[in-house]
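Worksheet for the structure shown next.
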Amino acid sequence: MKHVLESVESQFETFQILNEDGKIVGKDDMPDLSDDELKELMRRMVYTRILDQRSIALNRQGRLGFYAPTAGQEASQLGSQFALEKDDFVLPGYRDVPQLIWQGLPLYQAFLFSKGHFHGNQMPEDLQALSPQIIIGAQYVQTAGVALGMKKRGAKTVAITYTGDGGTSQGDFYEGINFAGAYKAPAIFVVQNNGFAISVPRELQTSARTLAQKAVAAGIEGIQVDGMDVLAVYAATKHARERAINGEGPTLIETLTYRYGPHTMSGDDPTRYRSEELDNEWAKKDPLVRFRTFLESKKLWSEEEENKVIEEAKADIKEAIKKAEKYPKQKVTDLIGNMYEELPSNLVEQMEEYKAKESK
């Protein structure tokens, strides 16, 4: 039995195209992306890094509410999103707001979501997505259902979802991949393994050498990817999408990545469970630095272009936060009314009570 386990685990090698020095090491796996598409991918990563920095600042100023930092995970998040089509369905976790934004969620609504406003959860009609899931792992079960619905309708689309390494310790994780596998539903399950969940090291969460190998128990394809390599993440997701729409079932993608900031801005202190040495080690793998080096070697990127993106991001963020702050405040009656089509008797009285209060 030990030899069987070792045999399985040895097959899950980390898929990589671009190494830490920005050099191609997987030439045969290089995705078919035009120069303009490569530049757009870089633009999105730079923009998202600035969005993260500004969101942290806005949170500290009290102008945003709940926020989960994303710096370090741009390649994992945006490389996978870049492989999607407009009609694909995104079921994000709470750290996955960038994917929603690039899939079509207006920036001011992303800020409203952070502020707890119901309009932040109202997806535009042309955006196939649910609002970010706060319950750890719940989106995996939802994704299995959405993907099965797509299959029954004969749609050539996929449902993609994200969780962290901590999410794989939840029962919903296995239930989701197992259900989708049993029905060959067109789903892509991404595990962004940043090493610590909220604070528990991945090594203490499971005896498995990789999280990708958990796909074997569900009878689906699994792959471990260098999550700091945007090209590898894109290629793996593109492959998973093609398999899904061709009726070959779901794929589990584990991306090895790192969040440079805290788990959330709600009091987490990563210095209590991560060393400075480890932080420095992962800083050398920064997905933006790696991809920038690659593009510069191809004469596709410059400091001038990057500064232009930075200024564009700052201007967009400034305008979006102003719009979010001017948006009509959420009222208690909104909360009660949005929960029910027909109010139960115990809330009818409360609704009238709060209407009276709010009219003063």
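The values are calculated or read from the model by the stated rules, or taken from the named source; none is laboratory data. What you see is a predicted model, and the numbers here were worked out from it, not measured in a lab. No Cβ is skipped: glycine too gets one built from the backbone with ideal geometry, and neighbour counts run over all protein chains shown.
Worth a mention:
- Some residue of region 199-220 being under 15 Å from the mean Cα position of the chain (by Cα) and under 20 Å from Asp96 (Cα atoms): no
- Looking across Val309, Val348, one residue alone is of a type in the set (Val, Ile, Thr) and not assigned by TED's automatic domain parsing to the domain that holds Val25. It is Val348.
- Hits in region 20-45 (condition: in contact (Cβ under 8 Å) with a residue 40 or more places away in the chain, closer than 28 Å to Asn307 by Cα and in a loop (DSSP other than H, G, I, E, B)): Glu20, Asp21, Gly22, Lys23, Met30, Pro31, Leu33
- Residue under evaluation Ala244, criteria (1) in a loop (DSSP other than H, G, I, E, B); (2) touching a residue at least 12 places away in the same chain (Cβ under 8 Å); (3) more than 18 Å from the chain's Cα centre (by Cα), criterion not met: (1)
- When Gln99, Gln122, Gln103, Gln81 are screened for being more than 13 Å from the chain's Cα centre (by Cα) and either in the same structural domain as Met45 (by TED's automatic domain parsing) or closer than 28 Å to Phe196 by Cα (or both), only Gln122 passes.
- Members of region 322-338 that are in contact with a helix residue (DSSP H, G or I) (Cβ under 8 Å, 6 or more places away or on another chain) and part of a helix (DSSP H, G or I): Lys323, Ala324, Val332, Thr333, Asp334, Leu335, Ile336, Gly337, Asn338
- Filter result for Ala75 (of a type in the set (Gly, Ala, Ser), within 22 Å of Leu256 (Cα to Cα) and part of a helix (DSSP H, G or I)): yes
- A residue that is assigned to a helix (DSSP H, G or I) and among the small types (Gly, Ala, Ser) can be found somewhere in region 282-296.
- Any pair with Cβ under 6 angstrom, 6 or more apart, that starts in region 215-230 at a residue that is more than 16 Å from Ser76 (Cα to Cα) and ends at one that is crowded, with 22+ Cβ neighbours inside 10 Å and hydroxyl-bearing (Ser, Thr, Tyr): Glu221/Thr251
- Residue that is acidic (Asp, Glu) and under 26 Å from Glu303 (Cβ atoms), where the choices are Glu37, Glu9: Glu37
- On inspection, Val25 qualifies as loosely packed, with under 15 Cβ neighbours inside 10 Å, of a type in the set (A, V, I, L, M) and farther than 30 Å from Gly176 by Cα.
- Within region 340-360, being outside any loop (DSSP other than H, G, I, E, B), surrounded by 11 or more Cβ atoms within 10 Å (Cβ to Cβ) and hydrophobic (A, V, I, L, M, F, W, C) holds for Leu347, Val348, Met351.
- Spans of helices (runs of 4 or more DSSP H) in region 89-190 with at least 2 residues aliphatic (A, V, I, L, M), farther than 21 Å from Gly65 by Cβ and in contact (Cβ under 8 Å) with a residue 24 or more places away in the chain: 138-153, 171-182
- Count - residues of region 171-181 that are surrounded by fewer than 24 Cβ atoms within 10 Å (Cβ to Cβ) and in contact with a helix residue (DSSP H, G or I) (Cβ under 8 Å, 6 or more places away or on another chain): 6
- Restricting region 182-210 to residues that are farther than 22 Å from Val158 by Cα and aliphatic (A, V, I, L, M), the residue that is surrounded by the most Cβ atoms within 10 Å (Cβ to Cβ) is Ala197.
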